[in-house]
Amino acid sequence: MTDPLLQDAQLRLDAALEKLTAMFRGAVAAPDEVQCTCHWGSAEELALLKVPDVELQPERLRRAWQAAYWKDRGAVLRRVLPQLARDLADRESESFRSMDDVGLAFARARWSEWPPQQVAAVREFLDAFWIRSLVTPDGQAGDALAFCVEASGELSPWLDVWKALDHPAADRNLVEAVDRWRAAFRIHELPWVSTHDEDELLAVLTAWLTDLGKHPQTGGLQRHDEAV
């Protein structure tokens, strides 16, 4: 039986990907962009980033978003963003398995300072990706949260969406996320590595879970007992 909310979420994500592709079509890295061969590859391979809309092989795509020492990180991310976003939407891809690290790459590229239309396209992708993650019953919402938080520098807006969403997959994802996070909570650490204020994020996350009736170290989820 088709889940209408999951179907709607997938349609929204598909539309966000189309918008992102149209927005960044033709983007290229800066003409004088350089990178050491150990972090990227040969000069011929680097030249691919200065040609618009050429698909990169998975390993080259990973190096593009992962390498830290670009002259213009924003230009590099804009160049690969349509392909990277599609890769993130593919739950079998290498990028999907590394999405918390991809979030750091978004933050380093300072996408929130780009022109307003570009910012809106990226934000719609993040919002659509988050909703689709919540209503997909695969236990990956915790990783998706880390990606969205690191990419945006915010935590509360993503938690607000999770709290408001009345869907069994979102409830199950919450239970599975807390199970995975418990070890970190016991030693008073954020469950993922962050470039933002980890103490503040941890305080917000634990307060949110306590408010839901899910103590971060022990208790059960009182809000949706059927999900436990």
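Has the range 57-65 got any residue that is over 14 Å from ASP87 (Cβ atoms) and under 25 Å from the mean Cα position of the chain (by Cα)?
no
Which residue out of LEU174, LEU145, LEU104, LEU159 is under 16 Å from PRO191 (Cβ atoms), in contact (Cβ under 8 Å) with a residue 60 or more places away in the chain, in contact with a helix residue (DSSP H, G or I) (Cβ under 9 Å, 6 or more places away or on another chain) and of a type outside the set (Asp, Glu)?
On inspection, the qualifying residue turns out to be LEU104.
From the list PRO137, PRO115, PRO168, pick out the single residue that is open to solvent by 10 Å² or more (accessible area, probe 1.4 Å) and without any contact (Cβ under 8 Å) to a residue 24 or more places away in the chain.
Just one listed residue meets the conditions, PRO115.
Residues in the range 11-50 that are basic (Lys, Arg), outside any loop (DSSP other than H, G, I, E, B) and without any contact (Cβ under 8 Å) to a residue 60 or more places away in the chain: how many?
1
Listed here are the residues, each with its yes/no results for (1) in a helix (DSSP H, G or I); (2) over 21 Å from LEU49 (Cα atoms); (3) under 13 Å from the mean Cα position of the chain (by Cα); (4) not β-branched (Val, Ile, Thr).
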| site | (1), (2), (3), (4) |
| --- | --- |
| TYR69 | no, no, no, yes |
| GLY74 | yes, no, no, yes |
| ARG86 | yes, no, yes, yes |
| PHE106 | yes, no, yes, yes |
| SER112 | yes, yes, no, yes |
| ALA120 | yes, yes, no, yes |
| GLU124 | yes, yes, yes, yes |
| ALA128 | yes, yes, yes, yes |
| ASP138 | no, yes, no, yes |
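Is there a residue being at pLDDT 95 or above and under 30 Å from HIS167 (Cβ atoms) anywhere in the range 28-37?
no
Can you give me the number of residues within the range 1-49 that are of a type in the set (D, E, K, R), over 18 Å from VAL122 (Cβ atoms) and touching an Asp or Glu at 6+ places or on another chain (Cβ under 7 Å)?
Looking only at that region, the number is 1.
Restrict the check to the range 175-183 and report whether at least one residue is open to solvent by 10 Å² or more (accessible area, probe 1.4 Å) and farther than 23 Å from SER98 by Cα.
The answer is no, given that none of the residues of the range 175-183 is open to solvent by 10 Å² or more (accessible area, probe 1.4 Å) and farther than 23 Å from SER98 by Cα.
The values are calculated or read from the model by the stated rules, or taken from the named source; none is laboratory data. These numbers come from a predicted model, not from an experiment. As a convention, Cβ positions derive from the backbone with ideal geometry for all residues, glycine included, and neighbour counts pool all protein chains shown. Areas reflect the complete protein model, heavy atoms only, side chains present, ligands, DNA and RNA absent. Shrake-Rupley method; radii C 1.70, N 1.55, O 1.52, S 1.80 Å.
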